[in-house]
Every structure is written in C-alpha cells, then in structure tokens.
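Some notes on the structure that comes next.
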C-alpha cells in the first residue's frame, strides 16, 4: 500500500510538471522578445562598441569592483571592532564587501536610451554593469572560502590569486565553448531541421555553466563570454 501511494505521488507530480511545461511553452511560443539569461547580456550586445572600449570596461569592472570590495570590507571590519556595527572577521567583512559591490544600472541605461547619449558612454556603463556582477561573484566565492578558517592580511594575496585563477579560467571556458559552437555550426549540416539547430545552440550556451560548476569555476562569467564569442563567431 505504501509503495502504491508513493508511486501515485510521483506519477501525479510528473503529470503536473508536464502540464505546466506544455502551458508555459505554449505561452512562450506566442510572445516575442524572450531571452535566455544571463548569456543574453553577452549575446545581444553590439560587439563593436563593446570591444572598442574593452580596456576601460575591464578596468572599471575588475579594478573598480575589487577596490570597492576591499574598501567596504575594511570599513565594516574596523567598524565592527570599534563597536559601531556587528563584529565580523576579516573574511566575513570582505565577503560582505564583495556581495554589495555589484551595481545594477538598468535605470541608468534606460535613461541613456531615452536621451540617446553617445554609444561610447552607453557601452562603458553597460559593459561595466555586465562584468561587475561576475567579478563580485568570483570575489565573494574567493573570500568566503576563508570563513571559519584563519584569515589575516597575509592571506589576501592568496585570495587575489584565487580570484585571478577563477576569473581567467571561467573566461577561457566560455570562449572555448563559443569557439566549439562556431566550429560545429560551420561544418555540420542540420539539413533544415530548425528545432534541432536551436536546441543544440541553446545547450551550448548552458554547457559552460555545468562544466564550471564541476571544476569550481564561475559559471556566470563563463556563459557571459560564451554569449559574446557565439555572437562574434557563430552568427
């Protein structure tokens, strides 16, 4: 009796999931402008303006977010020891600093579009906001590894090295998968089967996330650069 009840629960749950999937797919099929985030940020950007200003964008995103994380973290750490706020360890303070250093400039970009500002200014802000989330996530992952362990100022270079390894490694994984998709779509003929082509294309955008999760890298960084490289080489 227990096994029958358990089977009935699983069977009912499966049917509900299938029904919801059908309803959602039917709804999505009749509505335009659907994007698969977060790689859509990299895929939909106009790459000429982005890469023309890549040095400034990377400087603002990487250096700016890193400096902000350390400044906020140190202030929180000192304030805690001074009794002005909750007392936290250095690792916890820096993790908190990284957590709140990412900025979302959606409202600013919307105003820029209304005002039709110069593309350079728009893509400086857009590019920095696209990358700073990834930088903040990697910084948070690097600092949070030291929570519960001994973490002093001498361990900061190790955290920076860990951040560099994760960010560069995740970027390379994303670019490699973007190149592989370009190679596949160039040499393989799907013979007009649009659904298979779309399915393979979508799976290539999310494979880097799974790979990075397995090897302890950042999937967010990987799929951002997968979207950029797929837009540049696959289309």
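Values in this text are rule-based calculations from the coordinates and carry no lab data. Just so we're clear, the structure is a prediction, and the values are computed from it rather than from any experiment. Positions of Cβ are generated from backbone atoms using ideal geometry, with glycine treated the same way; all protein chains shown enter the neighbour counts.
Counting other beta carbons within 10 Å of each residue's own, what order do 179, 230 fall into, fewest first?
Exposure proxy ranking, most exposed first: 179, 230.
Ordered by packing density, taken as the mean number of other Cβ atoms within 10 Å over each peptide's residues, highest first, how do 194-207, 131-144, 95-108 rank?
Output ranking for 194-207, 131-144, 95-108: 131-144, 95-108, 194-207.
Under the definition of Cα pairs under 8 Å and six or more residues apart, what whole-number percent is the relative contact order of segment 100-215?
21 percent
If you find the alpha carbon centre of segment 203-233 and of segment 125-146, how far apart are they in angstrom?
Spelled out, the Cα-based centre of one part sits 15 Å from the other.
So if each residue of separation counts as 0.36 nm, and I subtract the Cα-Cα distance between residue 188 and residue 79, what length gain in nm does that give? The partial results should precede the final answer.
Details: separation 109, 0.36 × 109 = 39.24 nm, distance 5.99 nm.
Extra length available between residue 188 and residue 79 comes to 33.2 nm.
Apply 1/(1 + (r/R0)^6) to the Cβ-Cβ distance of residue 158 and residue 63, taking R0 = 25 Å, and write down the FRET efficiency to the nearest 0.05.
0.85
What does the highest-first list of 115-124, 56-65 look like by mean Cβ count within 10 Å?
Working: 115-124: 14.2, 56-65: 17.4.
Averaged packing, sorted descending, gives the order 56-65, 115-124.
Report the FRET efficiency, 1/(1 + (r/R0)^6), for residue 10 and residue 210, where r is their Cβ-Cβ distance and R0 is 30 Å, rounded to 0.05.
Once rounded, the FRET efficiency stands at 0.75.
Let me have the relative contact order for segment 46-151, percent, based on Cα pairs under 8 Å that are six or more residues apart.
Worked out over segment 46-151, it gives 38 percent.
Give me 193, 212 sorted ascending by neighbouring Cβ count inside 10 Å, so fewest comes first.
193, 212
So between residue 17 and residue 103, what do we pick up on full extension, going 0.36 nm a residue minus the alpha carbon distance?
Contour length minus the Cα-Cα distance gives 27.4 nm.
Under 8 Å for C-alpha pairs, at least 6 residues apart: give me the relative contact order for segment 155-235, rounded to a whole percent.
It comes to 47 percent, rounded to a whole number.
Can you work out the FRET efficiency for the pair residue 111 and residue 56, with r the C-beta to C-beta distance and R0 = 25 Å, to the nearest 0.05? Walk me through the numbers on the way to the answer.
Working: r = 20 Å, r/R0 = 0.82.
Computed FRET efficiency for residue 111 and residue 56 comes out at 0.75.
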